[in-house]
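Notes to accompany the following structure.
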Amino acid sequence: MTKLSNTLYQSRRAHVMATLPKGSVAVLRTGGLCTRNNDCEYEFRPNSLFFYLTGFPEPDAYLIIDQEGRANLFSLPKDIEKEQWEGFRYGEDAADAFGVNKVQTLSALEGDALAILDGAAEIVFPLEDTVLQDKVMAWRSTLSKRARAGAIAPTILRDLTPIVSEMRLIKSAEEIALMEKAAQISVQAHRAAMQAVKPGMMEYQLEAELNYQFMKSGSRQLAYNNIVASGANACTLHYINNQDQIDDGDLVLIDAGCELGCYASDITRTFPANGRFSEAQAALYQVVLEAYYAGFEKLTVGEAYEACHNAAVETITAGLLTLGLLSGNLQTLIENKAYRAFYMHNTGHWLGLDVHDVGAYKIGSDSRALQAGMVLTLEPGIYVSKDNMDVESKWRGIGIRIEDDIVITDQGPYVLTHGLPKEIADIELLIAGN
Ligand code: GLY
Ligand code: MN
Ligand code: MN
């Protein structure tokens, strides 16, 4: 697996411990395998918070960072027989491979956890993890019962998630370089799909182009399920059925991104199956594109996060008004959120280890200011339901979204997903094979 440097994980762990009161102990865990059916499992994907602080890719592992800041990893033991069937395990070699202080097998977890937690000022862990909650409470309770023998049970529990989420929100240069790699694999996949599209294909046949390109370029994981939506299917925001035939005259909306080293990319393009936008399709597309550019302008250091969405909403509402899908006064339509009949999602989200990445969008009640190193998506859209009888029939069943991945820099927004056309003329040229 593509991996970042051990010093990065070490400095992240040091940063976490430096933000906590002296004497705190942090406890985290990754997930286990999930059964698909009978004795077959889904492919394992590490827990993002755990992975952010360790880079350790195996299932069923725990990390305890003790009061001295030492990282104690508990993982599945080396087992020649198991590894014959299930594959390689690091075992004790994880200490060097991932830069942790000590590696123990999982069977040592209970005993070591009790020893490390005895007398700790606080236990810090992701509170939403109910498995960990149960374990931590059980350890605490055992220590309480050993009070007469001199044990001291920690009395304060603290949530680790918001601390790590804020760290994850600002990406390092190493992370951004990896995210650009993921983004560029996805760009190539979208380009291949645009060049492969033909009316009459099934949506999943076009999806196959994406998967082929992702894997061929080194990514075996999707950041989320591929959306390949033709015609009115594009109005279903998370359409993943991908089982319909692509008809002549349809637009095809592809929202697909690969994952690389557990980092997500997230791209949407919308293009005509037969290579030419109809007049109505082009008119709506142009509104979405203008909303993209209006939002893009707001992606600068110090600007409020919500300014991008507000700019996109204003452009979309004005465009729908000009084209006659809405009527009335622009400001009133915005205030009444009339655009939500056609544009019902936000204009973006944080992007990182999770496609909808962590980090607060507001500080108190205020939209937070953008900072260098934040990575987000810009993804305006317009979706006209095929059943919307309030608009002319030519608009019905058209769904459009344009989405790129962008890093905020002191020099302005930098598009990680560069090289993928979004202007109408450029898309038509690419589909035509130029
Ligand atoms: N692909 C999911 C999203 O764009 O949010
Ligand atoms: Mn997105
Ligand atoms: Mn997307």
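The values are calculated or read from the model by the stated rules, or taken from the named source; none is laboratory data. Remember, predicted model here, so these are calculated numbers, not experimental data. Positions of Cβ are backbone-derived with ideal geometry, glycine not excepted, and every protein chain shown enters the neighbour counts. Heads up: the accessible areas ignore ligands, DNA and RNA and are worked out on the full protein's heavy atoms, side chains in. Shrake-Rupley method; radii C 1.70, N 1.55, O 1.52, S 1.80 Å.
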- Counting sequence-distant residues (5 or more places) and residues on other chains, those with an amide H built under 5 Å from that of Ile267 are Ala256, Gly257
- Task: Using +1 at the Cβ of each Lys and Arg and -1 at the Cβ of each Asp and Glu in the stretch 214-300, identify which of Gly261, Phe296, Pro272 lies farthest towards the dipole's positive end.
- Result: Gly261
- Query: If contacts are Cα pairs under 8 angstrom and at least 6 residues apart, what is the relative contact order of the stretch 103-153 in percent?
  - Reply: 39 percent
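Magnitude of the Cβ-charge dipole of the chain, K/R +1 and D/E -1, about the Cα centre, nearest 20 debye? Could you put the intermediate results ahead of the total?
Numbers: 37 positive and 57 negative charges, 194 e Å.
Dipole magnitude for the chain comes out near 940 debye.
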- Please provide three numbers in whole Å: the alpha-carbon extents of the chain along the principal axes, with the largest listed first. 80, 51, 39
- Item | Backbone HN-Hα couplings from phi across the stretch 383-388 [Karplus 6.51/-1.76/1.60, Hz, Gly and Pro as x] | 10, 10, 4, 5, 9, 7
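With a 1.4 Å probe and all protein chains kept in place, how do Arg340, Arg269, Arg29, Arg89 rank by accessible area, largest first? Don't jump to the answer; show the numbers that get you there.
Numbers: Arg340 105, Arg269 0, Arg29 50, Arg89 25 Å².
From most accessible down to least: Arg340, Arg29, Arg89, Arg269.
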- Item | 5 angstrom amide H check on Arg158, placed H, neighbours 5+ away | Ile123, Val124, Phe125
- For Lys135, Lys422, Lys22, the accessible-area ranking with a 1.4 Å probe, largest leading, is Lys22, Lys135, Lys422
- Note on the structure: For the stretch 145-241, the dipole about the Cα centre with charges only on Cβ (Lys and Arg +1, Asp and Glu -1), to the nearest 20 debye, works out at 600 debye
- Quick one: how many Å² of Val415 are accessible to a 1.4 Å probe, rounded to 10? 30 Å²
- So for the chain, taking the charge dipole from beta-carbon charges (+1 Lys/Arg, -1 Asp/Glu), which of Phe214, Leu351, Ser186 sits furthest toward the positive end? Leu351
- Query: Under a point-charge model restricted to the Cβ atoms of Lys and Arg (+1) and Asp and Glu (-1), what is the dipole moment magnitude of the stretch 6-118 relative to its Cα centre, in debye to the nearest 20?
  - Reply: 560 debye
- Scan around Met374 for amide H atoms under 5 Å from its own, H built in the peptide plane at 1.01 Å from N, and keep only partners 5 or more places away or cross-chain. Lys171, Ile408
- Task: Please name whichever of Trp139, Pro57, Ala151 sits farthest to the positive end of the charge dipole of the stretch 41-174, dipole taken about the Cα centre and charges placed at Cβ: Lys and Arg +1, Asp and Glu -1.
- Result: Ala151
- Note on the structure: Per residue, accessible area of the chain with a 1.4 Å probe, heavy atoms of protein chains only, in Å², comes to 44 Å²
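Can you give the net charge of the other residues whose Cβ lies under 12 Å from the Cβ of Asp247, counting K and R as +1 and D and E as -1? List each step's numbers first, then the result.
Numbers: positive: Lys198; negative: Glu203, Asp244, Asp248, Asp250.
Surrounding charge for Asp247 is -3.
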- Between Ala147 and Glu41, what is the FRET efficiency for a Förster distance of 35 Å, r being their Cβ-Cβ separation, to the nearest 0.05? 0.25
- Item | Ala108 paired with Asp426, simple spin-label distance in nm, labels 7 Å along Cα-to-beta-carbon | 5.5 nm
- Message: For Met167, what accessible surface area do you get with a 1.4 Å probe? Give it in Å², rounded to 10.
- Response: 30 Å²
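Rounded, prolate or oblate, given the Cα gyration tensor of the stretch 384-434, with a/c below 1.5 counting as rounded? Provide the component values of the computation, followed by the final result.
Details: a/c = 4.19, a/b = 1.68, b/c = 2.49.
Taking the square roots of the gyration eigenvalues as a ≥ b ≥ c, the stretch 384-434 is oblate.
When only C-alpha pairs under 8 Å and at least 6 residues apart count, what is the relative contact order of the chain, in percent? Before the final figure, lay out the partial values.
On the way: 887 pairs, mean separation 59.5, N = 434.
RCO, the chain: 14 percent.
Is the stretch 240-349 rounded, prolate or oblate when judged by the Cα gyration tensor, a ≥ b ≥ c being the square roots of its eigenvalues, rounded requiring a/c under 1.5 and prolate requiring a/b larger than b/c?
On the way: a/c = 2.12, a/b = 1.13, b/c = 1.88.
Oblate is the answer for the stretch 240-349, as a/c is 1.5 or above yet b/c matches or exceeds a/b.
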- If r is the Cβ-Cβ distance from Ser327 to Ile170 and R0 is 51 Å, what FRET efficiency results, to the nearest 0.05? 0.70
